[in-house]
Amino acid sequence: MSERLVSLDVFRGMTIAGMVLVNNPGTWSAIYGPLKHAEWHGITPTDYIFPFFLFIVGVAIPIALGKRLAEGITKTLYLKIIQRAATIFAVGILMSAIPFFNFADTTIPYALKILIVLAYSAALFLYLWDKKTTALIVAGVTAAVVTVFWLAGYIVVPYNVGMMRIPGVLQRIAVCYLIVSLIFIHTNWRQQSIIGVALLLIYWLLMSVVPVPGCEVTTIDDKACNLAAWLDRTILTENHIWRSAKVFDPEGILSTIPAIVTCLSGVLTGTWLSRRSGQSESDSNFKIETAVGMFFAGSVCLGIGWSWSLVFPLNKSLWTSSYVVYTTGLALLTLASCYWLIDIKGYRKWAWPFVVFGMNALALFAFSGIMARLMGMIRIAGPEAGKDITLQQWIFNTFFLSWASPINASLAFAICFILFWLFLMWLLYRKNIYIKV
């Protein structure tokens, strides 16, 4: 496309802001219903966020790879796709592993432990910013400091790789990006549509008729006795799946198949946005036709997804086929609305915060997640003698719970957290620093 699609940046920014907001309440025991995932079957606004982001990843693929593909399928193109997927996957793994030692049991001075977490976070930021040499120096010096303290007799308990969760949000994005990019460069939109429909039907069939070993009845109504959960426990083992769920992983192996279709639906949308029909891209009729097409397709998907859910329920954790079609419809309607308001009507002032977020979505997700983990690692004296609380709990209790009911204080904390990160992302934005892989 000849000009940047601001509406896509805004949609990406809205989505990543929503993701950070719902991931960081003041307390998990007091949250408004729409800011929680559905317990199992069903859907809430929070369940829209991840499929929206995968959809956006797909929309960007034809826009980003279109010019490279016009030059032919080359080894460089393959390497670019693989490198990007591997980097995103690695960032997901590193987010859970930093600071590479057990924070609570390591006896290095407390202040220094905090500095080590910040140093590794800085190294990750520099690496993603393409300052690779500086990043390696920072990481190397930090590792040397830890080694010196270990040699001096301090206890350093290494990170337990045997309990590392392998799947995750960024890991799923990486896998979907890799597979969908390869599909995109080797097929046309008709073939992509057929592949998408076939994958959704195959997944429905697998989840409905394949018996699960050890279960008397195979049903997606049971969190443990469904094929996706059984494969996660069998292949990844319980040590490497989401510990909160115990018997399944919401970003597991089999459920990645329909997630690929969510991303593929974004590719079809990106192809529609990038098409050429002998008209100038700035022509208003062309843009109106584009918006109407997205509105129509979104409405159709919404209807099909809801109808399908009557026999194959909407379920985010299993990423059911009906959930794919339903959330694709919502994503199309949301993107069409942004496109209409921003790229056709020119109403852009309201969207500035989301542009800031959207231009550095990976940085926002990764480093806000690390910050949340750090606030959970740091412990300070609590109001009860002899009982420590986390820094996050102290901030919540002191500045939010002191004047609001628990559920409103929890929401206020989340809003302030995202506003804090808006300020940090604005600093990057005004300096034209964009973290891309």
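What to note about this one:
- Residues of segment 304-315 satisfying the condition of being under 26 Å from the mean Cα position of the chain (by Cα) and either free of Cβ contacts under 8 Å to residues at least 40 places away in the same chain or outside any loop (DSSP other than H, G, I, E, B) (or both): Ile304, Gly305, Trp306, Trp308, Ser309
- Pair list, Cβ under 8 Å, 6 or more apart: segment 345-369 residue without any contact (Cβ under 8 Å) to a residue 12 or more places away in the chain, other residue of a type in the set (A, V, I, L, M) and part of a helix (DSSP H, G or I): Tyr347/Leu341
- Qualifying residue in segment 365-379 (condition: of a type in the set (Lys, Arg) and either touching a Lys or Arg at 6+ places or on another chain (Cβ under 9 Å) or under 28 Å from Val169 (Cα atoms) (or both)): yes
- Residue match in segment 71-81 (condition: within 21 Å of Val355 (Cα to Cα) and charged (D, E, K, R)): no
- Pairs with Cβ under 9 Å, 6+ apart, first in segment 371-395 and at negative phi, second exposed (fewer than 15 other Cβ atoms within 10 Å of the Cβ) and among the basic types (Lys, Arg): Ala381/Lys387
- Among residues of segment 104-118 that are in contact (Cβ under 8 Å) with a residue 40 or more places away in the chain, none has a Cβ under 6 angstrom from a residue that is among the polar types (S, T, N, Q) and assigned to a loop (DSSP other than H, G, I, E, B) at a sequence gap of 6+ or on a separate chain.
- Check on Thr290, polar (S, T, N, Q) and surrounded by 17 or more Cβ atoms within 10 Å (Cβ to Cβ): yes
- Of the residues examined, Arg233 is not one that is of a type in the set (Lys, Arg) and at pLDDT below 90.
- Listing of helices (runs of 4 or more DSSP H) fully contained in segment 4-110 that carry 1 or more residues being small (Gly, Ala, Ser) and surrounded by fewer than 17 Cβ atoms within 10 Å (Cβ to Cβ): 46-70, 75-97
The values are calculated or read from the model by the stated rules, or taken from the named source; none is laboratory data. If you're wondering where the values come from, they're calculated on a predicted model, not measured in any experiment. Cβ: placed from backbone, ideal geometry, glycine included. Neighbour counts: every protein chain shown.
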